[in-house]
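Okay, so here's the structure we're looking at.
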Amino acid sequence: MKGFKLRLLPSMYWIAAVMALLLWDPTALLAESSSPAARHIEAYYEQLMPTLKAAGSLSVGERDRRFTPAITSAFDIGAMARLATGPAWSSFSGAQQAAVREAFADFLVAEYANQVTDYSGESFVVDPQTSAESRGGGEIVRTKLLQPGGRTVQINYLVRGGRVIDVYLNGTVSDLATRRDEFASILGGGGGADALVKALRERTDTLLGG
């Protein structure tokens, strides 16, 4: 089977996370003493694996539909949307906050679906033990993507309240921080929540080929 193919986007940490999902080996992961947060990541991968293995035969829209339940349940989309928006979040109405959450969720799933085009069997390892996150609380789940030729990519997940709220490439590059910069740029144009929702929906349509 040929190796998986990914089209590069600016969000490199999400690409690496998708690679990790593609290369997950459920037989080589967690010890019985693994933490609940690490088991949460394992369960997440188990939900995704049937779609990942079939990725090459599915359209991006089909992958998007199949990924949606696993991703939206494993990730705390509401917290991620709020944190990525920053101080402007408190100025949004309840309806605007709900619209941003929905658009953000659709965008994240579409980004995964767009990147996954094939599956191969390299190894991926989850550390069964976690470390405490010092600033906002939660646990860091450490994972390693083991690629052919001996290259290793460190991908960590921040799990808080039983759900993922951030992903770190090379152990330090925060997806949430980069999202916050992107959102600030959009909000800086003065369009507020409506502009952010519009931008996210347009990106989603592009990723899904709409």
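The values are calculated or read from the model by the stated rules, or taken from the named source; none is laboratory data. Remember, predicted model here, so these are calculated numbers, not experimental data. Glycine also receives a Cβ, built like all others from the backbone with ideal geometry; neighbour counts cover every protein chain displayed. Just the protein is used for accessible areas: all its heavy atoms, side chains included, with ligands, DNA and RNA removed. Shrake-Rupley method; radii C 1.70, N 1.55, O 1.52, S 1.80 Å.
Okay, here's what the table says:
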{"quantity": "Residue satisfying all of: in segment 77-120; open to solvent by 40 Å² or more (accessible area, probe 1.4 Å) and of a type in the set (D, E, K, R); farthest from Arg201 (Cα to Cα) among these", "calculated": "Arg82"}
{"quantity": "Members of segment 72-99 found to be under 13 Å from the mean Cα position of the chain (by Cα) and of a type in the set (A, V, I, L, M, F, W, C), listed by number", "calculated": "Ala74, Phe75, Ile77, Met80, Ala81"}
{"quantity": "Tabulated pairs, segment 181-210, first farther than 15 Å from Gln96 by Cβ, second in a loop (DSSP other than H, G, I, E, B), C-beta under 8 angstrom, 6+ apart or interchain", "calculated": "Thr204/Gly210"}
{"quantity": "Pairs with Cβ under 9 Å, 6+ apart, first in segment 42-55 and more than 23 Å from Gly162 (Cα to Cα), second at pLDDT below 85 and open to solvent by 10 Å² or more (accessible area, probe 1.4 Å)", "calculated": "Leu52/Phe4; Leu52/Tyr119; Lys53/Tyr119; Ala54/Tyr119; Ala55/Phe4; Ala55/Thr117; Ala55/Asp118; Ala55/Tyr119"}
{"quantity": "Condition met for Glu122 (more than 29 Å from Thr152 (Cβ to Cβ), of a type in the set (Asp, Glu) and either modelled with pLDDT of 95 or more or more than 16 Å from the chain's Cα centre (by Cα) (or both))", "calculated": "no"}
{"quantity": "Residue check for Gly171: without any contact (Cβ under 8 Å) to a residue 60 or more places away in the chain and open to solvent by 60 Å² or more (accessible area, probe 1.4 Å)", "calculated": "no"}
{"quantity": "Some residue of segment 127-145 being touching a residue at least 60 places away in the same chain (Cβ under 8 Å), assigned to a helix (DSSP H, G or I) and surrounded by 15 or more Cβ atoms within 10 Å (Cβ to Cβ)", "calculated": "no"}
